[in-house]
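Q: Pasting a structure here, questions to come.
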Amino acid sequence: MGLSDQMQLTNFSGDKKAWPVYMTIGNILSRTRNSLAKIPILLLALIPVPPKFTGESARANQAPRQTNADTLRAVFDLVLAPLQLVAQEGTVMDCADGKTRLCFHILSAWIADPAEHATLQGIGSKSCPKCEVPCEELGRDPRQIYETRNYVRYREKALRHDPAEAAGMAEYFQGLGVKIRKNVFIGPDRVNSADLHKPDLLHNIYLGLFKHMMESME
Amino acid sequence: MHLDIVLSLNAIADTASSPAGPTFLRDDLETMTDSDYESDPGLEIADIHTTTGEIDDMHNDSDTEDVSRPPVRAHPSGQATIPGASRPLGEVAGYTVLNKAMTHDPCSPFSSEDDFNLATWFVRSKVPKSHIDAYFAQGLGDTDSRSFRSAYTLRQHLDVLDPFREYLVWAEASIDDGRHATTFYYPNIIDCVRYLIRQVGYSWDIVYAPLREYHLRVERLYSKMHTADWWWDIQVWDRS
């Protein structure tokens, strides 16, 4: 399991940010995993925070945005690379009960707020990381079922498209709420990027209910 | 676009070069009669161990639940496991010796409970090293009977409590995107897993295999990650 969140450190001294990434394992039951005193969550990396954009227009910022996205993907590729080696064949590990077992390490969940998911999964800020629901249809019909996102297919489609169809391709991905080449979870084997997002009580239930109730009262 | 990553340490260890384990089997391992679900010893382990065919049949049982029915609040009356999952391969070398001090002397490596409590207070109160040294220098602590007399010796004692800390070695990497060169640090994620999964302090709260729990042996119960579907599905994943 991975966890991450950007946090603002200063506002008037250069807008400093920290971007920690943590990890833990699902084998630990939640009552211990959620205990800060038992330190079951380890710091995995402090992601380099890119400098602020200096371009005067969105078009001028496009190149540095892609550079930042490539840098982010390179960092995640590096940090998650060891998982690739053991996801298929496994590795023998010493366990807490004094036994050795063959373990397969597979990224199962990424605990983060929606804004962080949008950054890491390379989707729009109002897009769903799990399915292809258009942002204007969010919250409309709960019985409507949308197709699950397939980020690998997105990448293959982006890599193989004809340069002459670049405009149509950009429009296609824009309709899906996907930003091309910006998902950091495509690399690890046996990982379904759409499955990493796990709804949590705070961001997906309480805040959603609060917003819904406020709109009803108005 | 230029991206260049320079590793100054041997960060990504070849974890696959660890002692080779047996091939992962799904169907022909022996059926286990016990479970690693030790967090609730009162659970009755039912005799509904599944075969592969049964796994497929039960795969989507959660989709057919009657959503209008009130939630069931009950202890599971039945459990299903994957035969052979979590099977130990052997014993950890030196496990008994490693944990002997912890099991025989709860205050180890401190010489007394009083020492242990003082060290606990220093740590939890986040007392700076300089203040710990000043505490002993001014004779506030009974230094003759203490097993530690400075922040340095306290740190040595704390290091004994964490014998696997060598797993958490940080590697350094430099990323150059053509405009800026940035250095960042990270540990090997597999070594982090090694560190966590062998912590004796977690031993009662670690599970090694997925589990399916049932109320009245019919209704599926979901309570923890290992009782949900993801782990079960990935565990029986067919490598072919």
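Only the coordinates and a few stated rules stand behind these numbers; no lab work does. Values in this document were obtained by computation on a predicted structure and should not be read as measured data. Here Cβ is always computed from backbone atoms with ideal geometry, including for glycine, and neighbour counts include all displayed protein chains.
Q: Taking amide hydrogens as modeled 1.01 Å from N in the peptide plane, which residues meet the under 5 Å criterion relative to A:Leu44, leaving out close sequence neighbours?
A: A:Val21, A:Tyr22, A:Met23
Q: With a sphere of radius 12 Å drawn around the Cβ of B:His157, what net charge do the other residues whose Cβ falls strictly inside it have (Lys, Arg +1; Asp, Glu -1)?
A: Around B:His157, the charge tally is 0.
Q: Report Rg/Rh for segment A:130-197, rounded to two decimals, where Rg is the Cα radius of gyration and Rh the Kirkwood radius.
A: 1.00
Q: Check which residues have an amide H placed less than 5 Å from A:Lys17's amide H, if you skip close sequence neighbours.
A: The answer is A:Leu9.
Q: Could you tell me how many degrees, from 0 to 90 and to the nearest 10, lie between the Cα long axis of helix A:151-160 and the main elongation axis, the longest principal axis, of the Cα atoms of chain A?
A: 50
Q: Can you list the lysines whose alpha carbon is less than 20 Å from that of A:Lys99, not counting same-chain residues fewer than 8 positions off?
A: B:Lys100
Q: Considering the convex hull of the alpha carbon atoms of chain A, report its projected area averaged over all viewing directions, in nm², one decimal.
A: Approximately 16.8 nm², given one-decimal rounding.
Q: Going 7 Å from the Cα of A:Glu156 along its beta-carbon direction, which residues of segment A:166-197 have the amide nitrogen within less than 17 Å of the resulting point?
A: A:181, A:186-194
Q: Whole-Hz Karplus ³J(HN,Hα) for segment A:21-38, in order, using 6.51 cos²θ - 1.76 cosθ + 1.60 and θ = phi - 60°, x for Gly and Pro?
A: Per residue, the Karplus-derived 3J(HN,Hα) values read 10, 10, 9, 8, 10, x, 5, 7, 4, 4, 5, 8, 5, 8, 8, 5, 5, 8 Hz.
Q: Let me ask another. Between helix A:207-217 and chain A, what is the angle of the helix's C-alpha long axis to the longest principal axis, kept within 0 to 90° and rounded to the nearest 10?
A: 40
Q: Go ahead and collect, in residue order, the members of segment A:100-125 whose backbone nitrogen is under 15 Å from a label point 7 Å along the Cα-Cβ direction of A:Glu137.
A: Once the point is set 7 Å along Cα→Cβ of A:Glu137, nothing inside segment A:100-125 turns out to lie under 15 Å by backbone N.
Q: Going by how many other beta carbons lie within 10 Å of each one, how would you line up A:Val133, B:Val218, B:Val193, B:Val127, fewest first?
A: Listing A:Val133, B:Val218, B:Val193, B:Val127 from fewest to most nearby Cβ atoms yields B:Val218, B:Val127, A:Val133, B:Val193.
Q: Let me check against my output: what whole-number percent is the relative contact order of chain A, with C-alpha pairs under 8 Å and at least 6 apart?
A: Relative CO of chain A lands at 20 percent.
Q: A follow-up question, please. Measure out, as a whole number of angstrom, how far apart the alpha-carbon centroids of segment B:78-146 and segment B:150-227 sit.
A: One Cα centre to the other: 18 Å.
Q: Report ³J(HN,Hα) in whole Hz for each residue of segment A:113-129, in order, from the Karplus equation J = 6.51 cos²θ - 1.76 cosθ + 1.60 where θ = phi - 60°; Gly and Pro get x.
A: Values, residue by residue: 7, x, 5, 5, 4, 4, 5, 6, 8, x, 10, x, 5, 10, 9, 7, x Hz.
Q: Would you mind putting A:62-70, B:77-85 in packing order, based on average other-beta-carbon counts within 10 Å, highest first?
A: Ranked from most to least packed, the peptides come out as B:77-85, A:62-70.
Q: Sort segment B:83-240 into rounded, prolate or oblate with this rule: let a ≥ b ≥ c be the square roots of the eigenvalues of the Cα gyration tensor; rounded if a/c is under 1.5, and if a/c is not under 1.5, prolate when a/b is larger than b/c, oblate otherwise.
A: Verdict is oblate for segment B:83-240.
Q: What's the exposure ranking of A:Ile123, A:Ile186, going from fewest to most Cβ atoms within 10 Å?
A: Ordered from fewest to most neighbouring Cβ atoms within 10 Å, A:Ile123, A:Ile186 come out as A:Ile186, A:Ile123.
Q: Give me a single rounded figure for A:81-88: the average over its residues of other chain Cβ atoms within 10 Å of their Cβ.
A: Mean shielding by partner chains, rounded to a whole number: 5.
Q: Long-range amide H contacts for A:Cys131: which residues qualify at under 5 Å (H placed 1.01 Å from N, peptide plane, sequence gap of 5 or more or a different chain)?
A: For A:Cys131, whose amide H was placed from the backbone, the distant partners under 5 Å are A:Arg149.
Q: Could you give the spread of the C-alpha atoms of segment B:95-163 along their three principal axes, from largest to smallest, in whole angstroms?
A: Computed over the Cα atoms, the extents are 41, 21, 17 Å.
Q: Can you give the relative contact order of segment B:95-163 as a percent, counting alpha carbon pairs under 8 Å and 6+ residues apart?
A: Over segment B:95-163, the number comes to 30 percent.
Q: To one decimal place, what orientation-averaged projected area in nm² is obtained for the convex hull of the Cα set of segment A:103-218?
A: 8.9
Q: Each residue of segment A:92-107 in turn: what ³J(HN,Hα) in whole Hz from Karplus with 6.51, -1.76, 1.60 and θ = phi - 60°, glycine and Pro shown as x?
A: With the stated coefficients, segment A:92-107 comes to 7, 10, 7, 10, 5, 8, x, 10, 9, 9, 7, 10, 10, 9, 10, 5 Hz.
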